[in-house]
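Scroll down for the structure; my scribbles are underneath it.
The values are calculated or read from the model by the stated rules, or taken from the named source; none is laboratory data. A quick note: this is a predicted structure, and the numbers were derived from the prediction, not measured. Here the Cβ is made from the backbone with ideal geometry for all residues, glycine too, and neighbour counts use every protein chain on show.
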Amino acid sequence: MEGGGPEAHSVCMVSDFFYPNMGGVESHVYQLSQCLIERGHKVLVVTHAYGHRKGVRYLTNGLKVYYLPLKVMYNQSTATTLFHSLPLLRYIFVRERVTIVHAHSSFSAMAHDALFHAKTMGLRTVFTDHSLFGFADVSSVLTNKLLTVSLCDTNHIICVSYTSKENTVLRAALDPRIVSVIPNAVDPTDFTPDPSRRDDSTITIVVVSRLVYRKGIDLLSGIIPELCQKYPEIHFIVGGEGPKRIILEEVRERYQLHDRVRLLGGLEHQDVRNVLVQGHIFLNTSLTEAFCMAIVEAASCGLQVVSTRVGGIPEVLPENLIILCEPSVKSLCDGLEKAISQLRSGTLPSPETVHNEVKTFYTWRNVAERTEKVYDRVADEVVLPMKERLDRLMTHCGPVTGCIFAFFAVLNFLLLAFLRWMTPDSIIDVAIDATGPKGAWTKQCLFGKKRRVKEELPNS
Amino acid sequence: MTCAQQPVPGRRWQKVLYERQPFPDNYVDQRFLEELRKNVHARQYRYQAVVFQSGAVVQQLCSVCVFVLTWWYMDAGMLSPQGLFGAALVSSLLGYVLFDAVDGGAGRWASGRTRWADLKSTLVFAAFTYGFSPVLKTLTESISTDTIYAMSALMLLGHLIFFDYGANAAIVSSTLSLNMAIFASVCLASRLPRALHAFVMVTFAMQIFALWPMLQKKLKAQTPRCYVGVTVLFALAALAGLATVSSVGAVLFASLLLAISCLCPYCLIRLQLLKDNIHGPWDEAEIKEDLSRFLM
Amino acid sequence: MPDLGWSDGLCLSVYHHQRPFQDWEKGFTGKLQASLEFPSNSADHQEPPECAYGCWLSLMSLLKWLGLVFLNMPSSPLWWLWSAQIFLVFTHHPQVEFLCLLAGVCPCRVTAMVLKVFFPSCCSSADSGILIGRWISEQNSVVILAVVHFPFIPVQVKQYLGEVQRVTKVSVSVLGSWSNSKQEKEESLSEFLEDLGTIFCHEPWIQISKEGDSKFWSCSILQKHSKNPQEEEIILVYYDQRKVMLSHLHPPLDTAGQRAEDASKLSAIFGTVARSQVLFMTDRYNEGPIKLTHWQSDGVEASIIVELLKQASVPACMLLTFLLSLLSGICRSRVLKFWPLSFLWSKLSTCEQLGHRLQHLQVISSSKKAQNQNQLMRKANIFVSLLIDVVLGILLMSWLYRKNRIGHLADTLVPVADHVAEELQDLLQWLMGAPAGLKMNRALDQVLGRFFLYHIHLWISYIHLLSPFIEMILWYVGLSACLGLTVALCILSDIIALLTFHIYCFYVYGARLYCLKIYGLSSLWRLFRGKKWNVLRQRVDSCSYDLDQLFIGTLLFTILLFLLPTTALYYLVFTLLRLLVVIVQGLIHLLVDLIDSLPLYSLILRLCRSYRLAAGVKFRVLEQQDGKPLRLLMQINPLSYRGVVQTYRLPTYSCYPRDSWASLCKKLFLGELIYPWKHKGDKQN
């Protein structure tokens, strides 16, 4: 509750993905912001407009969100020309007195834009990457090149697992010492076990994920008939929606498993826990994951987890809580059989024990504390001046791309100079801090519904 | 700013996220990138084998060349339609017999296609083409010659690009390539003087673009030496024909064939050495088994 | 001015922010409500950061106040004093309160209580007596309906009021006392009046007194049983009883927010006066024990003509109903339902229009009385519209039949039709050549051209066959114009349709040919790429075709592709012609619809008796004196003409094309037939 650390930072989180969209990145940004506010920093979020939701909104604890009216191109990512967002972002950064710009997710074009502009304006930058990428196909090559350009002069990078760190370091050719590993977290109070909800006469296997190729639904379509034939008491509950749903429906149809396989369709975020507690075993068949929050949520609800050994999953849970398998039908079936035999013989720990163990692993407050250390480190660093930035771009990013982006950086700088001449920084008014130690939403201002506001007004 | 890189004595760094380790978050251990592998799936090519495979491309180029030459002769009046029709008929019969003789009837037995069905197909082709040839003749009357040439060239190029040379790439579409070739042949045939010319041209196109590759595929699979011989003969014939029309063209075509059959394999083998594929635990897993068996 | 709010507002207004701050996350809503409830007298009241909404509201109220200032500008210095007072009120009170004050409606969260008294202007010069009316407690307002004069017996008054209440269902009661002393104040009268308060025991008891001819009256309220004795301010609102009684209040179209609340409050007041009509039937020539003063107390209005018409209308309606039922019986008979005839009737717009008018007549002639205002207006509108229509029709007919205009028309009809056909022939010859330099496929061109030319030849011969009979047909058909101008216009539209039938035929041929070609091409294009349309999954799948299928398919594709320009050109030309005809017909239909649906009666009413259609009220501030209650004059704000048309327009039978321009273009491109003028009963295509 006190003003955290030696100094309170003014952080601007930028991402295309935020509320009202629900997902991993969105909840990560929101929870991290809330915990940082608790620690006394000033945080605001910048994202693009969702439908009619344009302008300024306030979330809990005065978290200010700017919904910018930029055009969305594909899958909630904005269409970018790299320059047209500069006036808006510059205005926001100046009036909120932002010191650190923290961008999220490589898929988000706005995040990269914000990093680019922040560096031109001389602000410190931090980037968090949430996903793994390949190297071999054409789209990957291009994306990796853009990422190299974007990250070559970023102050610090955060990845959510060690595998993700290795992947990012290779993709963007970074110095591994400027990459920190800070995992995601899960709110343990949202995912508590409830053994009374499960049917102990059967063994229920729960799968909750988007039904797309990347999540290995094809493997699931092979596991279901094998296991259902071998063990008559197994039931499957599948939650989530996607283009591969039709394959699961075909399997169910072919093997006549209508009473043993339930397809729930799309689930709201608040309904996930109620679905998870109905099961004994959680199955994750993803073909690639940076940090799988789903298995932590499932473990927090007391389920035994069976998962493929891909990406960052081996780092997430200890061996006694998870059974890892190769990404093939046979191996996953073996893993599930092992879990079933453990369940039958009663050697599995009780859901409460599992929950109590898991809730100590990942907490948002710990994430915020570690992120704050990153901010402290970054605040001491020096932002590269223009000349060195251009040098770094041209040497680090390859001859062609480096020169092109160096040119863009120069154009950006000139545009910024023009904007500074048109509307100088001095005439941009300063916003009243919503959060932060001098914030208007701090506790003393919430009293006084009936009393007159006699306390000293915060200085603007 | 720099973090302590030395491990705390007695405590080793572990690649786990659920424990609070006494190392700073940006600590780089010796085991960093230990699972990185390079060029796991690199293949070693042999020069002979690659040259042998490039025969397919050479054959297709020669087919296109022969077709264009035939059209040229017919347009110039040096080749009569009856002559072409007779020659094509004879060679088709020969090829038909050879098709079955090469693998001793195994292929026909496997695909279950009867001779009667083949005969029916042939009659349908002939009737249809003959019936439509007057329409085909007048089809492109109002379009300028340059447009026709450009369109045909584009279509033949597309035919070469989309042809199924035996590689398993996403761009391959044998249907599209055959259709483009027929489209080109119709365009060119409509420029000929009479309906009979058009009919003969289209029939010939069908033979050289649809039936000839089928025969060659079989030959390649069954009798490689024969295949090499046929390819070389075919190429020489095409060059000879081209030489009578334009010597510069012949020289260029010859150099193109040589480049494709000799130079490109060499480049391929040299460039393999420069490959730099990165593999590691971050790769998306490949499903190696055929999962459609669950749905059959 | 709050800094955060303005700058946020500025920042956002630059980027077209439209609905400020509508949804608030938890934790903040309470704070916003708290700040609105907060009547501040201190200058350092911290405004909530985001009150751009409040700023807009204050701007609007300022404009409204300014408007009032300039509309009512008397020269009295007292008035300026009052306006200064209002200005001070504005800067101190929350803005919402000020608006409510101006509208005469009580705001919900104001510290002082305000009582509004609606006093009929006709009772300003009445003798002393007691006031009767209705007390609306939820709005803290009183509507005074009449004054009962001395002498009276309280028991009889209560009986009378009970009867009135039973009949009208309005809770009429004795509200207070009214003293109009022509001389100086009489002390005894005031005590007497207070004693009356105990007899009639109404909470609160209002006492209004007028001295001599002074404009400023003194009002006071007696509250005997009130728990918190508060100083009640009184606002006197004068209203014209007759106008309010006759007026019909139209609710605003947007049913949300403050305006709807105000509207429902107003409708309570209007409803009270309107339903108390029976109270106004007793005038001063009545011999009853009660003597009332209200707007009709000088004598109930009545008119002999209106009474006679009312008496005569009943048998007329019955006769009309009988005739109409006979007519509709004939129309519905089986004879007319045979296929070719029923098809013809459905296509001719004249029959639709006649059916529509028949329906209208049935509505007017029904013997049921209109239940509410809307139905009454509707009947009246239909009647006036019919009347005007028939009058215009008869005028047209008289003009047509004079000077043998019919004959001239018939004489010019056949040459015009010939001329059109010749023009078409020229057009086709042009298409068969090289139109606009485009190169067409000659064979196909010739075939299509000859086919259409043959049709035109048939058409010309048909017209020539009919030419002797045209004058007679026209003469008889022209007679039907006496049924109304709309019928005449429909007949014109039908004649145009008949005359351009060949264009319609050509359009259909061209469109079908083109459509077939387009579908064939798209399907063969899929074959060209090696794909197929999967009907089950509604998507395009790849498919392996046989060799002969591929060959024939590609051949056909090539042929269709090269023949496309020719067909497309013919289709284009005939579609344009057809669209031209459709546009002309459409304009005529638009005119017919206009005449059908215009609510003429309501418009005339709005013109002549504008107080009958009220959208709301406006208040005029009268002269004010210190210490005396605020005096306002309530005037009725009539509905705008646009509102009249929107509320009372009659429904028509044709529905305008639901297709947007985009889907229309798509249909044209694909060659689907378009039917722009659909009738409501038709099946959807």
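Values as computed for the structure displayed
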| item | result |
| --- | --- |
| Scan of the stretch C:540-562 for residues that are of a type in the set (A, V, I, L, M, F, W, C) and at the interface with another protein chain (Cβ under 8 Å from one of its Cβ atoms), ordered by number | C:LEU547, C:LEU550, C:PHE551, C:ILE552, C:LEU555, C:PHE557, C:ILE559, C:PHE562 |
| Answer residue from the stretch A:149-171, given it is away from chain B (no Cβ under 14 Å) and touching a residue at least 60 places away in the same chain (Cβ under 8 Å) and is surrounded by the fewest Cβ atoms within 10 Å (Cβ to Cβ) among those | A:CYS152 |
| Unmet criterion (only one of (1) surrounded by fewer than 13 Cβ atoms within 10 Å (Cβ to Cβ); (2) more than 10 Å from every other protein chain (Cβ to nearest Cβ)) for B:ASP103 | (1) |
| Looking only at the stretch A:86-104, and only at residues there that are more than 12 Å from every other protein chain (Cβ to nearest Cβ) and either β-branched (Val, Ile, Thr) or in a loop (DSSP other than H, G, I, E, B) (or both), the one that is surrounded by the fewest Cβ atoms within 10 Å (Cβ to Cβ) | A:ARG97 |
| Elements of type helices (runs of 4 or more DSSP H) in the stretch B:195-296, at least 3 residues being more than 24 Å from B:VAL51 (Cα to Cα) | B:195-206, B:224-245 |
| Considering residues of the stretch A:18-72 that are hydroxyl-bearing (Ser, Thr, Tyr) and assigned to a strand (DSSP E or B) only, the residue farthest from the other protein chains (Cβ to nearest Cβ) | A:THR47 |
| Lone unmet requirement of (1) surrounded by fewer than 24 Cβ atoms within 10 Å (Cβ to Cβ); (2) of a type in the set (Val, Ile, Thr); (3) within 21 Å of A:LYS244 (Cβ to Cβ) for A:VAL354 | (3) |
| Criterion: of a type in the set (Val, Ile, Thr) and modelled with pLDDT of 95 or more - qualifying residue of A:VAL43, A:VAL101, A:VAL72 | A:VAL101 |
| Some residue of the stretch A:378-396 being at pLDDT 90 or above, under 32 Å from the mean Cα position of the chain (by Cα), within 30 Å of A:LEU59 (Cβ to Cβ) and not in a loop (DSSP other than H, G, I, E, B) | yes |
| Selection within the stretch B:144-169 - exposed (fewer than 13 other Cβ atoms within 10 Å of the Cβ), away from every other protein chain (no Cβ under 11 Å) and not in a helix (DSSP H, G or I) | B:GLY166, B:ALA167, B:ASN168, B:ALA169 |
| Hits in the stretch C:506-534 - residues which are surrounded by fewer than 19 Cβ atoms within 10 Å (Cβ to Cβ) and either among the hydroxyl-bearing types (Ser, Thr, Tyr) or not in a helix (DSSP H, G or I) (or both) | C:TYR509, C:TYR519, C:SER522, C:SER523, C:LYS531, C:LYS532, C:TRP533, C:ASN534 |
| Candidates A:GLY222, A:GLY216, filtered to the one that is within 12 Å of chain B (Cβ to nearest Cβ), at positive phi and buried (at least 18 other Cβ atoms within 10 Å of the Cβ) | A:GLY216 |
| Enumeration of residues in the stretch A:124-148 that are within 12 Å of chain B (Cβ to nearest Cβ) and among the small types (Gly, Ala, Ser) | A:SER131, A:GLY134, A:ALA136, A:SER140 |
| Residue, modelled with the lowest pLDDT, within the stretch C:348-383, restricted to residues that are of a type in the set (D, E, K, R) and surrounded by 13 or more Cβ atoms within 10 Å (Cβ to Cβ) | C:GLU352 |
| Test set (1) modelled with pLDDT of 75 or more; (2) among the small types (Gly, Ala, Ser); (3) exposed (fewer than 15 other Cβ atoms within 10 Å of the Cβ); (4) not in a helix (DSSP H, G or I) - C:SER264 fails condition number | (4) |
| In the stretch B:256-296, the residues that are within 14 Å of chain A (Cβ to nearest Cβ), surrounded by 11 or more Cβ atoms within 10 Å (Cβ to Cβ) and free of Cβ contacts under 8 Å to residues at least 12 places away in the same chain | B:TRP282, B:ASP283, B:GLU284, B:ALA285, B:ILE287, B:GLU289, B:LEU291, B:SER292, B:PHE294, B:LEU295 |
| Whichever residue in the stretch A:249-263 is touching a Pro at 6+ places or on another chain (Cβ under 8 Å) and among the hydrophobic types (A, V, I, L, M, F, W, C) and, among such residues, is surrounded by the fewest Cβ atoms within 10 Å (Cβ to Cβ) | A:LEU257 |
| Residue that is touching an Asp or Glu at 6+ places or on another chain (Cβ under 8 Å), surrounded by 18 or more Cβ atoms within 10 Å (Cβ to Cβ) and assigned to a helix (DSSP H, G or I), where the choices are C:THR554, C:THR575, C:THR566 | C:THR566 |
| Flag if A:GLY134 is closer than 29 Å to A:SER331 by Cα and either of a type in the set (Val, Ile, Thr) or buried (at least 24 other Cβ atoms within 10 Å of the Cβ) (or both) | no |
| Single residue of the stretch A:429-446 satisfying the filter (at pLDDT below 70 and crowded, with 18+ Cβ neighbours inside 10 Å) that is farthest from the other protein chains (Cβ to nearest Cβ) | A:THR442 |
